[in-house]
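The values are calculated or read from the model by the stated rules, or taken from the named source; none is laboratory data. Everything quoted here is computed from the prediction, not taken from an experiment. Cβ coordinates were reconstructed from backbone atoms using ideal geometry, including for glycine residues, and neighbour counts include every protein chain displayed.
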Amino acid sequence: TILVTGALGQIGSELTPTLRNRYDKVEVVASDLDPDPGVSPPYEPVDVTDRSQIESVVEEYDVDTVFHLAALLSAAGEQNPGRAFEVNVEGLHNVLEVGREYGLNRIVVPSSIAVYGPATPDNPSERTIRTPTTMYGITKVLAENLGTYYHQQYDLDVRGIRLPGIVSHETRPDGGTTDYAVDAFYEAVDEGEYTYFVREDTRLPMVYMSDAIDALIDLAGADESDLRFQCEYNISALSFTASELSDRIEERIGRFDARYEPDERQSIADSWPSTLDDTAARTDWGWSAEYDLDRVVDEMVQNLQRGAE
Ligand code: VAH
């Protein structure tokens, strides 16, 4: 059985149905903080900062695999660093300890380009210096190191991918610095205008949600003998500036008034690299992106216009 924590979030809300479709013989238990969100069962409320709640779901459903997505993202983490530490570090430690005690087969934990920082040269690879300047980035460096430690010390198979910003249309991201790349589509379709919270020349690596989900599932299923790394694979698919995105959206929907009013998230965006070297993921477990920017713009606008009808 697979347990997904953070199953109501931007990634979790799409990963859960994808896992259920992909592995129709395997039970996939969704979990998050909400006691009764009205999503398709099985669903169990789990606060990952309470280890006993994880243990009881693992026991009740005989879980052998965890996709651990419960976390505070970069901007939210800067607003509440203590909570980010509790959820992102103590919550992960709880999941790893349960994995060790119950002998789970696989634990998948997303990392992030946020592990890099201002001292990082552009187009970094897995072994490039990590100098995060956000609590979120610090928790993700620790997550990578802790996952690798549990693999070495306890033979617990923990794997992770350094995700770039994710563009998606099912569940809006909450508290990420890359949220502008999602919000721009929603606001463009609904209002024909959007005020970005970053400068127009801000360029960050991005990936479309379905590519990110396929990457997480592909890494989870890869032969351990093929992997040079455990928790720190880079993947990237797109790299565009806010103004390039606005131009593509305007081409697709006609009138689109984009304005740029950077706020405190600009310094976070500026601390991250604008491109990633993802050669290792391509070589070790066959990562490749299906979606280029044209396809992303098409699919996002189509789905949001359909939703707006
Ligand atoms: C964030 N979307 O903005 C997340 C992600 C690299 C960005 O970690 O915090």
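Points to keep in mind about this one:
- Of the residues Y194, Y233, Y208, the single one that is away from the ligand (no atom under 15 Å from the Cβ), touching a strand residue (DSSP E or B) at 6+ places or on another chain (Cβ under 7 Å) and modelled with pLDDT of 95 or more is Y194.
- Test: residue in segment 213-231 that is over 28 Å from L156 (Cα atoms) and not in a loop (DSSP other than H, G, I, E, B): no
- Screening R172 against (1) modelled with pLDDT of 95 or more; (2) part of a loop (DSSP other than H, G, I, E, B) leaves a single unmet condition, (1).
- The listed residues are T177, T139, T133, and the only one of them that is surrounded by fewer than 23 Cβ atoms within 10 Å (Cβ to Cβ) and either among the β-branched types (V, I, T) or within 12 Å of the ligand (Cβ to nearest atom) (or both) turns out to be T133.
- Identification of helices (runs of 4 or more DSSP H) wholly contained in segment 10-86 with 2 or more residues that are surrounded by fewer than 19 Cβ atoms within 10 Å (Cβ to Cβ) and either within 16 Å of the ligand (Cβ to nearest atom) or at pLDDT below 95 (or both) yields 81-85.
- Here S225, S267, S246 are screened, and the one residue that is surrounded by 19 or more Cβ atoms within 10 Å (Cβ to Cβ) and polar (S, T, N, Q) is S246.
- Pairs linking a residue in segment 19-46 that is touching a residue at least 12 places away in the same chain (Cβ under 8 Å) to a residue that is of a type in the set (S, T, N, Q) and in a strand (DSSP E or B), with Cβ atoms under 7 Å and 6 or more positions apart or on different chains, are S31/T5; Y43/S31; E44/S31; P45/S31; V46/T5; V46/S31.
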